[in-house]
Amino acid sequence: MNGSALKIGAKIREARRHRRLTLQRVSSKSGLSIGFLSQVERDITRPSLSSLVTIARSLDLPVSAFLHSPDLPTAVSRADGRHAYPMRHGGPSVEQLSTTFPGQLLNATKLHVPARHRSNILSFEGEQVVYVLTGTVRYKLDDTIYELQAGDAFHFSTRQPYEIVNPTDDHAELLAIGTEPLSGNGAADHNGVAHSRINGG
């Protein structure tokens with residue numbers, strides 16, 4: 001067990017006690033078991049970043065309150081070394097710009113949206129900033145439609161279900177930066193794309 005894990009457990013316990021919350025209450029708010037939460041606080045189990053985000057939410061804190069990364073690694077993403085990963089035939093493809101490392105809070109992707117594409121309803125824990133590089137896209141949140149063109153940016157909470165539409169006959173490209181961690185290999189799993197079950201057309 002390293003010092004970082006110990007520090008995380010202590011911070012979680014301190015934050016919970018400061019708010020006068022029992023493990024039962026945090027369990028109810030987070031959906032995580034009392035046994036798991038107890039092991040996390042005692043540093044017997046180290047939570048995944050996804051679990052840590054859930055715990056932080058139940059304590060009304062940002063996940064950064066529990067993370068300590070004094071020397072974050074740096075990386076250069078070369079254009080000729082990246083690949084766009086298609087999510088489905090005829091649908092969008094994702095080009096991963098950011099790398100992964102312990103304690104990572106942000107991820108960035110370049111999303112290629114084909115003409116006349118409409119996604120399914122999307123939703124994930126976190127927030128996202130989208131910057132339109134080329135083309136036109138529409139983001140629909142509830143009954144509000146936000147039409148974005150090249151140069152426009154949109155910052156929103158991705159807890160709120162939304163959908164992405166390219167209403168034109170031209171390809172669109174977006175830069176998407178979000179707080180949800182990446183997992184697995186290849187394309188982003190949690191950048192508002194893999195949760196979408198995107199359909200072409």
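Collect residues whose amide H, placed 1.01 Å from N in the peptide plane, falls under 5 Å from the amide H of G126; neighbours closer than 5 in sequence don't count.
Those qualifying (amide H under 5 Å, at least 5 residues apart or on another chain) are T158, R159.
Taking a quarter of the surface of the Cα convex hull of segment 6-55, what do you get in nm²?
In nm², the orientation-averaged hull projection of segment 6-55 is 2.9.
Can you give the accessible area of K140, probe radius 1.4 Å, in Å² rounded to 10?
Ignoring ligands and nucleic acids, K140 comes out at about 80 Å².
Counting heavy atoms of the protein chains only and a 1.4 Å probe, report the per residue accessible area for segment 8-70 as a whole number of Å². Provide the component values of the computation, followed by the final result.
Working: 3500 Å² over 63 residues.
Per residue, segment 8-70 has an accessible area of 56 Å².
Measure off, as a whole percent, the carbon and sulfur share of the 1.4 Å-probe accessible area of segment 96-138, all protein chains present.
In segment 96-138, the share of accessible area belonging to carbon and sulfur is 58 percent.
Please list, ordered by chain and number, the residues whose modelled amide H lies under 5 Å from the amide H of T134; skip anything fewer than 5 residues away on the same chain.
Here the answer is E173, since their amide H atoms fall under 5 Å of that of T134.
Short version: ³J(HN,Hα) in whole Hz for each residue of segment 36-41, in order, from phi by Karplus 6.51 cos²θ - 1.76 cosθ + 1.60 (θ = phi - 60°), x for Gly and Pro, what are they?
Values, residue by residue: 5, 4, 5, 5, 5, 5 Hz.
The values are calculated or read from the model by the stated rules, or taken from the named source; none is laboratory data. Just so you know, these numbers come straight off a predicted model, no measurement behind them. The area values use the complete protein model at the heavy-atom level, side chains included, leaving out ligands, DNA and RNA. Shrake-Rupley method; radii C 1.70, N 1.55, O 1.52, S 1.80 Å.
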